[in-house]
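Structure first, then comments.
Nothing in this text is a laboratory measurement; each read-out follows from the coordinates by a stated rule. On a predicted model such as this, the values are computed, not experimentally measured, just so you know. FYI the Cβ positions are ideal-geometry reconstructions off the backbone, even for glycines, and counts take in every protein chain you see.
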Amino acid sequence: MFCACLLQINGKKTAFAPYFCAMLRIGTRGSKLALWQAHFTQSELARIGVASELVIIKTQGDLVQHLSFDKLEGKGFFTKEIEDALLRGDVDLAVHSMKDLPTMPPEGLVITAVSYRDNPADWLLVRREAVDPSQVFKLKQGAVVGTSANRRKAQLLDFRPDVQLKDIRGNVPTRLDKLRAGDFDAIFLAAAGVSRLGLDISDLLLVELNPREFVPAPAQGVLAWQTNRDDTATRLILKQLHHSDISACTNVERRVLQLMSGGCQLPLGVHCERDATGNYHAYAACEVDGVMKRARVSSTTNMGVAEELIRQLKG
């Protein structure tokens, strides 16, 4: 394919003769949601005149379906195999749900760009038979709720200690099938995943959880584009897709995760947002020594916000 090449002359970008470059190879998981993310990446690249192809890679999280997240070894079990392919040069870039990425990448890899942010909230989907409007989250007493995320488990029990928790694995459509089959009274899903797949959930009660109160995973709703650090050509292309305003918030969220030395096993939620005047508002919830701790920080800058959240959580 041919790519537009730009020179900066006297502070102005000036196009000159196109040059030949290979089609970009995108590493991705094969689930329906991962493929949505990969196809979105392709469309974003096509918008700036760059062709691409998909390389589907199975990860530990895809292969091991009988264990909950806290039973899987290590961190990055939805990303490691894709990162290995990137390091080998089998793919040119990887697209991830940013919430799945460990905060310490393998040596030589970097997050080059991040996407827009979809709805960051968690949604609780409830079977009609399990609805009780008088209860918190409109969920009947003693309901069986499906989730494999320690963060969701800890926060739900803080609000509703009467519920029964049951691990659930599988992609988004599979989880919905299990709910409809009666295996659970309710399940958690990320709002972004449901909306991106365009799924019909009209037969279920949707409880939209406020991310300031039921705090989502760090960087939930954001895609991360990862590359080799030294692949300047690919990085320059992806920089054209980068959302710096979103990155300013996810940097806070992932910094908290890093300082807490956590991964998917840590019962931690962090959410940061900017208001119309540019101020930052950050929220965190974490189970510390068996006690749910919550923190909130507002600031004109994102500098030091993560550290203040940590101070409050550990104080």
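What order do you get for Met98, Met23 when you list them from fewest to most C-beta neighbours inside 10 Å?
Details: Met98 25, Met23 12.
The fewest-first ordering by Cβ neighbours comes to Met23, Met98.
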If one compares the long axis through the Cα atoms of helix 305-314 with the longest principal axis of the Cα atoms of the chain, the angle in degrees, nearest 10, works out at 30
Computed over the stretch 122-208, the relative contact order (Cα-Cα under 8 Å, seq sep at least six) in percent reads 47
The aspartates and glutamates whose Cα lies under 20 Å from the Cα of Lys138, excluding any fewer than 8 residues away in the same chain, are Asp122, Glu129, Asp158, Asp162, Asp183, Asp185, Asp203, Glu208, Glu213
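Could you please rank Thr301, Thr234, placing first whichever residue has the fewest other Cβ atoms within 10 Å of its Cβ? Before the final figure, lay out the partial values.
Values: Thr301 10, Thr234 19.
In increasing order of surrounding Cβ atoms, one gets Thr301, Thr234.
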Rounded to the nearest Å, the spacing of the alpha-carbon centers of the stretch 225-295 and the stretch 25-57 is 22
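Rg/Rh for the chain: what does it come to with C-alpha atoms and Rh from Kirkwood? Mind showing how you got there, number by number?
Working: Rg = 20.6 Å, Rh = 20.8 Å.
Reported Rg/Rh, Kirkwood definition of Rh: 0.99.
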Asp200 and Arg169 label points (each 7 Å along its Cα→Cβ direction) are spaced in nm at 3.0
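Just list whichever of Lys80/Lys239; Lys140/Lys166; Lys32/Lys166; Lys153/Lys293; Lys32/Lys58 have alpha carbons separated by over 18 Å in the model shown. Numbers along the way, then the final one.
On the way: Lys80/Lys239 23 Å; Lys140/Lys166 16 Å; Lys32/Lys166 24 Å; Lys153/Lys293 14 Å; Lys32/Lys58 13 Å.
Correct reply: Lys80/Lys239; Lys32/Lys166.
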Contact order relative to length for the chain, counting C-alpha pairs under 8 Å separated by 6 or more residues, stands in percent at 19
Dividing the alpha-carbon radius of gyration of the stretch 254-314 by 2.2 N^0.38 Å, where N counts its residues, gives 1.10
Short to long, in 10 Å steps from zero, the percent of alpha-carbon pairs of the stretch 122-208 per bin is 18, 57, 24, 1
Tilt, helix 150-159 to longest principal axis of the chain (alpha-carbon atoms), in degrees rounded to tens, equals 40
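What order do you get for Glu253, Glu53 when you list them from fewest to most C-beta neighbours inside 10 Å?
Numbers: Glu253 31, Glu53 12.
The fewest-first ordering by Cβ neighbours comes to Glu53, Glu253.
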Helix 32-47: inclination vs the chain longest Cα principal axis, degrees, rounded to 10, gives 30
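Return the loop-located trypsin sites (Lys or Arg not before Pro) in the stretch 214-244 (DSSP other than H, G, I, E, B) with at most 14 other Cβ atoms within 10 Å of their own Cβ; answer none if there are none. All intermediate terms of the calculation are to be shown ahead of the outcome.
Details: sites: Arg229, Arg235, Lys239; in loops: Arg229.
For trypsin sites (Lys or Arg not before Pro) across the stretch 214-244 that sit outside H, G, I, E and B with at most 14 neighbouring Cβ atoms in 10 Å, the list reads Arg229.
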